[in-house]
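The values are calculated or read from the model by the stated rules, or taken from the named source; none is laboratory data. Keep in mind it's a predicted model, so treat the numbers as computed, not measured. Positions of Cβ are backbone-derived with ideal geometry, glycine not excepted, and every protein chain shown enters the neighbour counts. What goes into the accessible areas is simple: the full protein's heavy atoms, side chains included, and nothing from ligands, DNA or RNA. Shrake-Rupley method; radii C 1.70, N 1.55, O 1.52, S 1.80 Å.
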Amino acid sequence: MLFLNKSLPMEPPQLTKPFPVLETDRLHLRQLEPSDVQDVYEICSNAEVTQYYDCDPYTVVEQAERFIARMQQRFASGEGMRWAVTLRSTHQVIGTCGYNNLILRGARGIIGYELKRTHWGHGYMREALQPMLAYGFGVLNLNRIEAFVMLDNQRSSHLLSRLGFVEEGILREYGFWKHCFWDLRCFSLLKRDWHSSL
């Protein structure tokens, strides 16, 4: 006999519309727009930025156009969301961050991010991810946020650890891109751990 847990919603929750804007001392986070295409292309055409990505460096602007369109479509369908990370002082786009995948019925999200090479080492991505995580736990009511990192990507692993993520282990040959299978470190942050760190 099948028993249904009536405390669970029968329909998955929806993303809040319109797209949320987040602020920090130095940063303004907003939805990626088609007008950001040149900035996104400049960021993702750098080989150091895409070294640990599931794609090669961008070589044509149309790749940035497709990325922005895909992120907008994922928000419209409730599958994900991506912020443009801009400097409050200049409004320049210096990176993006967001939930590549949202499994709202399971209260789980998977994050991704990248930052313009010239802005590494200044704490910008950590500053951007803090309100993004707070939004995920507080507004989206996620219980678990995950990140998957290539083994040699020490910068990203260090960033996640500083934000309170726990490395759960290595997923063997979990990713496939650039014609290779890749082992990935699995990091997670739970809502109860996030709240206890505040």
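Of the numbered conditions (1) modelled with pLDDT of 95 or more; (2) over 18 Å from T50 (Cα atoms); (3) touching a strand residue (DSSP E or B) at 6+ places or on another chain (Cβ under 7 Å), A134 satisfies every one except a single condition; which is it?
(3)
Kindly indicate the residue of segment 157-198 that is part of a strand (DSSP E or B) and in contact (Cβ under 8 Å) with a residue 60 or more places away in the chain and also most open to solvent (accessible area, probe 1.4 Å) among those meeting that condition.
W177
How many residues are farther than 26 Å from P57 by Cβ and touching a Cys at 6+ places or on another chain (Cβ under 7 Å) when one looks only at segment 168-190?
2
Which residue, of A134, A147, A107, is at positive phi and not hydroxyl-bearing (S, T, Y)?
Result: A107 is the single residue among A134, A147, A107 that is at positive phi and not hydroxyl-bearing (S, T, Y).
Determine if segment 141-151 includes at least one residue that is exposed (fewer than 12 other Cβ atoms within 10 Å of the Cβ), at pLDDT 95 or above, among the acidic types (D, E) and part of a strand (DSSP E or B).
No, there is no match, as no residue in segment 141-151 is exposed (fewer than 12 other Cβ atoms within 10 Å of the Cβ), at pLDDT 95 or above, among the acidic types (D, E) and part of a strand (DSSP E or B).
Exactly one of these conditions fails for L29: (1) assigned to a strand (DSSP E or B); (2) modelled with pLDDT under 95. Give me its number.
The single condition L29 does not satisfy is (2).
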